[in-house]
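The values are calculated or read from the model by the stated rules, or taken from the named source; none is laboratory data. Here the structure is a predicted model, which means the values were calculated and not measured. Cβ sites come from the backbone with ideal geometry, for glycine too, and all protein chains shown count toward neighbours. SASA here: full protein model, heavy atoms, side chains in, ligands and nucleic acids out. Shrake-Rupley method; radii C 1.70, N 1.55, O 1.52, S 1.80 Å.
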Amino acid sequence: MSAQIIDGKEFAAKVRAQVATHVARLKEENGITPGLAVVLVGEDPASQVYVRSKGKMTVEVGMKSVEHRLEADTSEEDLLNLINKLNEDATIHGILVQLPLPGHMNEDLVINAIDPAKDVDGFHILNVGLLGTGQKSMVPCTPLGCLMMLREHLGPLAGKDAVIIGRSNIVGKPMAQLLLGDSCTVTICHSKTNDLKSVLQGADIVVAAVGRPEMVPGDWIKPGATVIDVGINRIERGGKNRLVGDVDFASASQVAGAITPVPGGVGPMTIACLLANTLTACCRANDIQEPAGLTP
Ligand code: NDP
């Protein structure tokens, strides 16, 4: 294997330590404890695991963690009432509604009911617009984590050719805005892209966010490229359940200059960035200077 492994687990631990230091300072100097509220509707097993792990890490960095678990048949009105209460609660600086929501709820309506200043997922339409126009916003956690890893690994990104595979609102599109903000030349690919292989062969940076196990083989990657694999796919191999990315790690790591593993790459950075966003929201709400390095 020739590629350097970008260790998201180790980097995320550093980000969390940085957040914890600032949280301790906020408590001591300003008497403020950042608070994150996570709302889970229904009993989706994967969502339950995410919510538990978010709550645990929130407490570990010294923040207040509040969890609201609602029944799957909760009405949209009751959920909106809860969001209003959290919007008005001065001890809560970040609100995250775990997606997906049950089918009878309108996700856009629910997300846009969150106070944009507390929208630590960065999905509110106002934050999407602010990011798209290069203004200060709350930035979606997964692309923010990818950007941090790219900057850490490559230094300034200006002039690099970046190809993003996937155009979702939560990963692909905000990732493109962030890389454009860092003056990359950005191409976004999707399921209707003709000849993905030839597009990828010009890419200095590849961000794969598709949800198809190991769909990008090594011979699609430009030698020396930096590969960020966002995909999380559960497969069965050799009679065992395994997590794999959207990139075929075995072949891509022979060609790439650097690559994130799955698991242990983008995943841990996403939660670290959620904590960073909660700290940022708390600083902004209290007119306190934001810590450097935790926002684009
Ligand atoms: P979506 O399903 O919302 O989007 C997938 C995108 O991939 C779409 O734009 C789709 O194109 C595109 N696509 C599908 N098939 C192909 C193909 N054959 N060639 C090129 N593009 C294709 O997924 P998400 O963005 O929500 O998530 C992507 C992956 O990232 C998933 O595995 C998810 O689990 C993972 N993820 C990981 C996170 C983490 O913390 N590590 C956080 C969030 C997501 P089209 O628009 O044309 O349909």
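Here are a few things to note about the model shown:
- Just one of the listed residues (GLU77, GLU67) is of a type in the set (Asp, Glu), outside any helix (DSSP H, G or I) and outside the structural domain of ASN233 (by TED's automatic domain parsing), and it is GLU67.
- The set of residues in the range 107-142 being within 17 Å of the chain's Cα centre (by Cα), within 26 Å of GLU77 (Cα to Cα) and open to solvent by less than 30 Å² (accessible area, probe 1.4 Å) consists of ILE111, LYS118, ASP119, VAL120, ASP121, GLY122, HIS124, ASN127, MET138, PRO140.
- Residues in the range 2-20 that are open to solvent by 50 Å² or more (accessible area, probe 1.4 Å) and closer than 22 Å to ALA225 by Cα were compared, and the one that is farthest from the chain's Cα centre (by Cα) is SER2.
- Test: residue in the range 116-129 that is under 23 Å from ALA285 (Cα atoms), in a helix (DSSP H, G or I), more than 16 Å from the ligand (Cβ to nearest atom) and in contact with a Pro (Cβ under 7 Å, 6 or more places away or on another chain): yes
- Residues being open to solvent by 30 Å² or more (accessible area, probe 1.4 Å) and not small (Gly, Ala, Ser) - total across the range 149-170: 10
- GLN201 meets the conditions (1) open to solvent by 60 Å² or more (accessible area, probe 1.4 Å); (2) closer than 21 Å to LEU274 by Cβ in every case but one. The failed one is (2).
- Residues of the range 213-239 that are open to solvent by 60 Å² or more (accessible area, probe 1.4 Å) and either in contact with a Gly (Cβ under 9 Å, 6 or more places away or on another chain) or polar (S, T, N, Q) (or both): PRO213, LYS222, PRO223, ILE232.
- Any hit, the range 27-35, residues being crowded, with 20+ Cβ neighbours inside 10 Å and touching a residue at least 12 places away in the same chain (Cβ under 8 Å): yes
- Some residue of the range 261-279 being open to solvent by 10 Å² or more (accessible area, probe 1.4 Å), under 20 Å from the mean Cα position of the chain (by Cα) and among the hydrophobic types (A, V, I, L, M, F, W, C): yes
- Of all residues making up the range 145-159, the number that are out of contact with any Leu (no Cβ under 7 Å at 6 or more places or on another chain) and in contact (Cβ under 8 Å) with a residue 12 or more places away in the chain: 10
- Residue in the range 263-277 that is farther than 24 Å from LYS173 by Cβ and out of contact with any helix residue (DSSP H, G or I) (no Cβ under 9 Å at 6 or more places or on another chain) present: no
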